[in-house]
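The values are calculated or read from the model by the stated rules, or taken from the named source; none is laboratory data. Note that the structure is predicted; figures quoted are calculated from it, not measured. With ideal geometry, Cβ positions are generated from the backbone for all residues, glycine too; neighbour counts draw on all protein chains shown. Each accessible area value is taken on the protein alone, full model and side chains, heavy atoms only, with ligands, DNA and RNA left out. Shrake-Rupley method; radii C 1.70, N 1.55, O 1.52, S 1.80 Å.
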Amino acid sequence: MKRFLALFFVIVLFACGSNSEPNMLVSGNIKGLKKGVLYFQKPMDTTLITIDSLEIKGDGNFAFEYNLESPEIFYLYLDKEDNNEVNDRIPFFGEPGNITINTTWKSFDSGPKVLGSKSQEKLEEYNDMISQFNIKELMLSQQASSLEIASDSIQLDSIQKLIAKNILSRYRYTLNFGLNNGDSFVTPYLMLKEAKEANPKYLDSVYGALTPEVLDSKYGKEFKEFLGK
């Protein structure tokens, strides 16, 4: 049934976009993959739809073409038939041009190398810093759990304050990242994904820093709609 739905979406998308010449080529290699199905996907509303798929036999080489109006998030999903779709999906920021994605069958989503997308480079720069905030929050949460068991209310309150401070610092970093990268298509995407709960006046400041090209992009328009402008 899953394969049928995937093929159905492929037919619908190609029927709708058959008059458009592709301006993005996504290709690469999945080392160690001898047999499997690779899906090229993108978010639409609250679901992921399949743009194209490829049955791989013999080696892990793949290539997909697509026509896009502005940079946006896409996914490569490898059906390993292990009942764990989350760990078999690579997100990447697609944009016009040639994008190369190399990874391995064993660690498909944990260490892919994505080349050819400036937007992806900017997203990785952001994610590298955010991971430090996430690691700190995890460590503090673990400490809080042990103290809760020990019923040490004073230390527990202190750690909870540190967690709140870390969350605030993460929001500040995200907003500052947006203010300093108004020319990146990644910025409105991150504001919608990571900073929706931030103070509207700060989001307005980020919006005001966006370049005309970014404002006219997919996520720029969605950010404008979110702010009610």
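Let me make sure I get this right: for region 69-143, a, b and c are the square roots of the gyration tensor eigenvalues over alpha carbons, sorted descending. Under 1.5 in a/c it's rounded, otherwise prolate if a/b > b/c, else oblate. Which is it?
Oblate, since a/c reaches 1.5 and b/c is not below a/b.
Hey, what's the chain come to in accessible area per residue, 1.4 Å probe, Å²?
59 Å²
If you roll a 1.4 angstrom probe over the protein chains with everything in place, what fraction of the accessible area of region 136-220 belongs to carbon and sulfur, to the nearest %?
Within region 136-220, the accessible surface is 52 percent carbon and sulfur.
Report the full-extension gain for the segment residue 69 to residue 154: residue separation times 0.36 nm, less the Cα-Cα distance, to one decimal in nm.
Full extension of this stretch gives 25.2 nm more.
Pairing the Cα long axis of helix 2-16 with the longest principal axis of the chain, what angle in degrees results, from 0 to 90 and rounded to the nearest 10?
Tilt relative to the chain: about 70 degrees.
At 1.4 Å probe size, with no ligands or nucleic acids counted, give the accessible surface of residue 211 in Å², nearest ten.
40 Å²
Apply the Karplus parameterisation 6.51 cos²θ - 1.76 cosθ + 1.60, with θ equal to phi minus 60°, to every residue of region 206-218 and state each ³J(HN,Hα) to the nearest whole Hz, in sequence, with x for glycine and proline.
Taking θ as phi minus 60°, the curve returns 5, 4, x, 8, 6, 6, x, 5, 5, 4, 8, 7, 3 Hz for region 206-218.
From a point 7 Å beyond the Cα of residue 218 in the direction of its Cβ, which residues of region 112-135 have a backbone N at a distance under 16 Å?
Zone members listed by number: 117-121, 123.
Taking a threshold of 28 Å on the Cα-Cα distance, which of the pairs 42/118; 165/193; 165/229; 113/218; 35/218 fall above it?
165/229; 35/218
Which aspartates and glutamates have a Cα lying under 15 Å from the Cα of residue 106, excluding residues fewer than 8 positions away in the same chain?
Cross-link targets: 59, 79, 81, 82, 85, 88.
If the cut-off is a Cα-Cα distance under 18 Å, which aspartates and glutamates reach residue 224, setting aside same-chain residues fewer than 8 apart in sequence?
Excluding near neighbours in sequence, the set is 45, 69, 72, 183, 194, 197, 204, 213, 216.
Points 7 angstrom from Cα along the Cβ direction at residue 161 and residue 136: gap in nanometres?
Result for the modelled spin labels: 1.6 nm.
Of the listed values [x] 49, 39, 31; [y] 61, 44, 30; [z] 65, 35, 30, identify the label whose number matches Cα extents along the principal axes in Å calculated from this model.
[y]
Quickly rank 163-171, 120-128 as a protection proxy: mean count of other C-beta atoms within 10 Å, highest first.
Peptide ranking by packing, descending: 120-128, 163-171.
Is it possible to state the helix-based mean residue ellipticity at 222 nm for the chain, with each DSSP H run of 4+ residues giving -39500 (n - 2.57), the sum divided by total residues, to the nearest 500 deg cm²/dmol? What is it?
Here the helix-only value at 222 nm equals -15500 deg cm²/dmol.
Starting from the Cα-Cα distance between residue 80 and residue 102, subtract it from 0.36 nm times their residue separation and give me the gain in nm to one decimal.
Length gained between residue 80 and residue 102: 6.2 nm.
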